[in-house]
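The values are calculated or read from the model by the stated rules, or taken from the named source; none is laboratory data. A quick note: this is a predicted structure, and the numbers were derived from the prediction, not measured. Cβ coordinates were reconstructed from backbone atoms using ideal geometry, including for glycine residues, and neighbour counts include every protein chain displayed. Calculation scope for accessible area: heavy atoms of the full protein, side chains included, ligands and nucleic acids excluded. Shrake-Rupley method; radii C 1.70, N 1.55, O 1.52, S 1.80 Å.
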Amino acid sequence: MKLWLGGAFLLVVLSLVLASILNPSSKAISFEPFNWHQMGSKAHMSFRIKPEANAQSFRLDVWLPTGIGEPVQVSVQLREQKDQAAPVELPMTFVSGGPDPYGFEGFDKYTYSAKELVFTEYGEWKLNLAITDAGKEVHQYEKEISLSK
């Protein structure tokens, strides 16, 4: 009898854990897509955030001078301003790279993306981007963004 009760208890606990994983309480919010482009003499970047049904899609395009090669590191961090919580590091995945397909002469283009559930409520956020090129030069960008209905 004790073994059956222990097994039943374990089954209930596992069911609750599985239900919380499959039905998360946090839901993605809807907002206007965010687009940011920054030109520089040594690097350019565009960063986009697009809301989706259950997450947000993130895209980073980096332009570096031809011949330098792809960045050795790309860091994208988002931090909610209201509670000063630890930043969320987006796991950016390399998508493509090489000569700019639109003919931006003198620069090669590298694209990274991520799909994550970061924004679950409206508010003020700080976005930090750091791109380290093959010459170990770090190109940093920072922007405050406001997400509202």
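In table form, for the structure just shown:
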{"quantity": "Filter pass, A53 being modelled with pLDDT under 95, surrounded by 10 or more Cβ atoms within 10 Å (Cβ to Cβ), among the small types (G, A, S) and in a loop (DSSP other than H, G, I, E, B)", "calculated": "no"}
{"quantity": "Count of residues meeting criterion [in a loop (DSSP other than H, G, I, E, B) and either out of contact with any Gly (no Cβ under 9 Å at 6 or more places or on another chain) or modelled with pLDDT of 90 or more (or both)] in region 80-95", "calculated": "7"}
{"quantity": "Condition met for A130 (touching a Phe, Trp or Tyr at 6+ places or on another chain (Cβ under 9 Å) and either among the small types (G, A, S) or over 20 Å from K27 (Cα atoms) (or both))", "calculated": "yes"}
{"quantity": "Region 36-50 - residue that is small (G, A, S) and surrounded by 13 or more Cβ atoms within 10 Å (Cβ to Cβ) and, of those, modelled with the highest pLDDT", "calculated": "S46"}
{"quantity": "Looking only at region 84-118, and only at residues there that are without any contact (Cβ under 8 Å) to a residue 24 or more places away in the chain and small (G, A, S), the one that is most open to solvent (accessible area, probe 1.4 Å)", "calculated": "A86"}
{"quantity": "Residue satisfying all of: in region 96-134; assigned to a strand (DSSP E or B) and among the hydrophobic types (A, V, I, L, M, F, W, C); farthest from S148 (Cα to Cα) among these", "calculated": "F107"}
{"quantity": "Qualifying positions in region 56-83 - open to solvent by 10 Å² or more (accessible area, probe 1.4 Å) and of a type in the set (A, V, I, L, M, F, W, C)", "calculated": "W63, I68, V72, V74"}
{"quantity": "Filtered residues of region 119-142 (kept if of a type in the set (A, V, I, L, M, F, W, C) and open to solvent by 20 Å² or more (accessible area, probe 1.4 Å))", "calculated": "A130, A134, V138"}
{"quantity": "Hits in region 24-35 (condition: over 17 Å from the mean Cα position of the chain (by Cα) and open to solvent by 70 Å² or more (accessible area, probe 1.4 Å))", "calculated": "S25"}
